[in-house]
1. Pick from ALA19, ALA44: which is out of contact with any Lys or Arg (no Cβ under 7 Å at 6 or more places or on another chain) and either among the small types (Gly, Ala, Ser) or closer than 11 Å to ARG124 by Cβ (or both)?
2. What single numbered condition from (1) modelled with pLDDT of 95 or more; (2) open to solvent by 30 Å² or more (accessible area, probe 1.4 Å); (3) closer than 21 Å to GLN170 by Cβ fails to hold for ARG70?
3. Those residues that are over 20 Å from PHE153 (Cβ atoms) and acidic (Asp, Glu), I need them from segment 105-142; list them, please.
4. Residues ALA51, ALA89: which one is in contact with a strand residue (DSSP E or B) (Cβ under 7 Å, 6 or more places away or on another chain) and open to solvent by 10 Å² or more (accessible area, probe 1.4 Å)?
5. If LEU163 passes every condition in (1) touching a Phe, Trp or Tyr at 6+ places or on another chain (Cβ under 9 Å); (2) more than 22 Å from VAL22 (Cα to Cα) but one, which one does it miss?
6. Spot the failing condition for ALA55; the list is (1) on the phi < 0 side of the Ramachandran plot; (2) within 15 Å of the chain's Cα centre (by Cα); (3) not basic (Lys, Arg), and only one is missed.
7. I want to confirm something. Restricting to segment 155-177 and keeping residues that are open to solvent by less than 60 Å² (accessible area, probe 1.4 Å) and among the β-branched types (Val, Ile, Thr), which single residue is modelled with the lowest pLDDT?
8. Are there strands (runs of 3 or more DSSP E) fully within segment 100-147 with at least 1 residues that are open to solvent by less than 10 Å² (accessible area, probe 1.4 Å) and on the phi < 0 side of the Ramachandran plot? List them.
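The values are calculated or read from the model by the stated rules, or taken from the named source; none is laboratory data. On a predicted model such as this, the values are computed, not experimentally measured, just so you know. For neighbour counting, all protein chains shown are included, and Cβ atoms are generated from backbone atoms with ideal geometry for every residue, glycine included. What goes into the accessible areas is simple: the full protein's heavy atoms, side chains included, and nothing from ligands, DNA or RNA. Shrake-Rupley method; radii C 1.70, N 1.55, O 1.52, S 1.80 Å.
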Amino acid sequence: MGEVLEIVQLGHPILRTQAQYVENIQEQHIQNLVDDLIATVGQANGVGIAAPQVAEACRLFIVASRPNPRYPHAPTMEPTAMINPKILAHSTEVVKDWEGCLSIPGIRGLVPRYQIIEVEYSDRHGKQQKQELTDFVARIFQHELDHLDGIVFLDRIESTLDLVTEQEYQKRIVAAG
């Protein structure tokens, strides 16, 4: 069981930094970080979290989609550690949908993302994984991968008209189903 860590907020310099490649996945610090990130994303009602969001500049994130108060319609999956992740290929189709971020509380934005991506990463045991991700889970992967490159979702929105407060999002978008 991991420890719940503090999530750094927009303005912290690590969120604008390129994260470093993880050399030794079996290192105890990395294994503990995986457990801590899983505990932290669960406690924060997130669907993903990247190491830089807890002030660790390494190429590691968790994808943990599940229905919760912030994302009531999210599909359910086991929390998955993705280490040194990359996108190998993507669809031409780009879809705009709502995103929020644990490091940017109180704001949601309509963000364009590829609908289908083929990805590669190492799991927490150091085994190479390759899979196709679609829709919401593909969106989480792309959002978290951006964190590893110092990009936040606000950088991807096309217009300030695509921004709403969390309160307005819950009232208008979630209530509408």
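1. Values: ALA19 fails: out of contact with any Lys or Arg (no Cβ under 7 Å at 6 or more places or on another chain).
Matching residue, one of ALA19, ALA44: ALA44.
2. Result: ARG70 passes all but (1).
3. Taking segment 105-142 first, the residues over 20 Å from PHE153 (Cβ atoms) are 118, 120-132.
Once the filter is applied, which keeps residues that are over 20 Å from PHE153 (Cβ atoms) and acidic (Asp, Glu), segment 105-142 yields GLU118, GLU120, ASP123, GLU132.
4. Numbers: ALA51 fails: open to solvent by 10 Å² or more (accessible area, probe 1.4 Å).
On inspection, the qualifying residue turns out to be ALA89.
5. (1)
6. Only one criterion in (1) on the phi < 0 side of the Ramachandran plot; (2) within 15 Å of the chain's Cα centre (by Cα); (3) not basic (Lys, Arg) is unmet by ALA55, namely (1).
7. This residue is VAL174.
8. Working: elements: 104-114, 116-122, 128-134.
Because the criterion is at least 1 residues that are open to solvent by less than 10 Å² (accessible area, probe 1.4 Å) and on the phi < 0 side of the Ramachandran plot, the strands (runs of 3 or more DSSP E) in segment 100-147 that meet it are 104-114, 116-122.
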